[in-house]
Amino acid sequence: TDISKQLINQSSIDVEAWVRNEISRTTAQKLESTIISGDTGGTDPFMGVLNYTGVGDVTVGATGGAPTYALMAQMESEVAIDNALVGKLAWMINHKLRSKLRTVAKDSGSGQFIWEPGNTVLGYNVGVTSLVPSNLAKSTSGNVLSGAIFGNWEDMMIGQWGGYDITVDPYTLSTYALVRVVINSFWDMKLKHAESFAICDEFSTT
């Protein structure tokens, strides 16, 4: 991140604390995004839950499709058939899918919707974040499909090595009166049991 010397010299807010908070927030967002979707660039790809080998994968149709109560139950079943329906079970979805689930009925007669009172689906808590992608594609669907993850989050291990490596560079952008702060941090994620998770990356929310 680049910080102006003007900002550093201003005293209206605690600039250092603000910069620290911004660094922590953006690092957490990058970590969460990579854990969900992976980072397949470079020579050492990091797959993320949506691309993790061994995770249950529920398909919808040739070009994806709308979520249904049966499909959500199938995701639960993908975990249950491997005797992994234990622990801190919960969903992770994005805001678009949440809005869709609020409008999709469980069946034709009950008047109940997939998104349940108490912010649950099938009785399990739901975490909602825009970092679950909504620009996925299948065949000719276009980049409009959303992902969803269900599983036992106790079986996800996240490791960090060496804390944060921070380089403060006042030289490179000195002619612009900017100070560049470079953050490096080193992480890994593994699933203790891939069978503890199920994903679907084919939900249409339109």
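The values are calculated or read from the model by the stated rules, or taken from the named source; none is laboratory data. None of the values given here were measured: they were computed from a predicted structure. Cβ coordinates were reconstructed from backbone atoms using ideal geometry, including for glycine residues, and neighbour counts include every protein chain displayed. Each accessible area value is taken on the protein alone, full model and side chains, heavy atoms only, with ligands, DNA and RNA left out. Shrake-Rupley method; radii C 1.70, N 1.55, O 1.52, S 1.80 Å.
Points worth noting:
- With all protein chains in place and ligands, DNA and RNA left out, the 1.4 Å accessible area ranks 81, 23, 199 as 81, 23, 199, largest first.
- Cα long-axis angle, helix 69-80 against the chain (0 to 90 degrees, to the nearest 10): 80 degrees
- Aspartates and glutamates with Cα under 14 Å of residue 96, excluding same-chain neighbours fewer than 8 positions away: 201, 202
- Computed from the Cβ-Cβ distance with R0 of 22 Å, the FRET efficiency linking residue 66 to residue 90 stands at 0.50.
- Only protein atoms count toward the accessible area here, which uses a 1.4 Å probe; on the chain, the carbon and sulfur part of that area reaches 50 percent.
- Kirkwood estimate for region 136-206, i.e. one over the average of 1/r between Cα atoms, Å: 16.4 Å
- Region 1-148 - Debye-derived log10 I(q)/I(0), Cα point model, q = 0.16, 0.18 Å⁻¹: -0.99, -1.17
- Over all pairs of different C-alpha atoms in region 74-206, the reciprocal of the mean inverse distance, the Kirkwood hydrodynamic radius, equals 17.8 Å.
- Look at the alpha carbon pairs under 8 Å that are at least 6 residues apart: their mean separation over the length of region 1-155 gives a relative contact order of 22 percent.
- Simple spin-label estimate for residue 7 and residue 105 gives 5.2 nm between the two label positions (7 Å along the Cα-to-Cβ direction from each Cα).
- Around the amide H of residue 131, modelled in the peptide plane, lies no amide H under 5 Å away from a residue 5 or more places distant or on another chain.
- Taking amide H as placed 1.01 Å from N in the peptide plane, the amide H of residue 113 sits under 5 Å from that of 106, each at least 5 places away or on another chain.
- Under 20 Å from the Cα of residue 192 - lysines, other chains or at least 8 residues apart: 88
- Segment residue 14-residue 47, length gained on full extension (0.36 nm per residue, minus Cα span): 8.1 nm
- Note that region 167-206 carries a Kirkwood radius of 15.2 Å, evaluated over its alpha carbons pair by pair.
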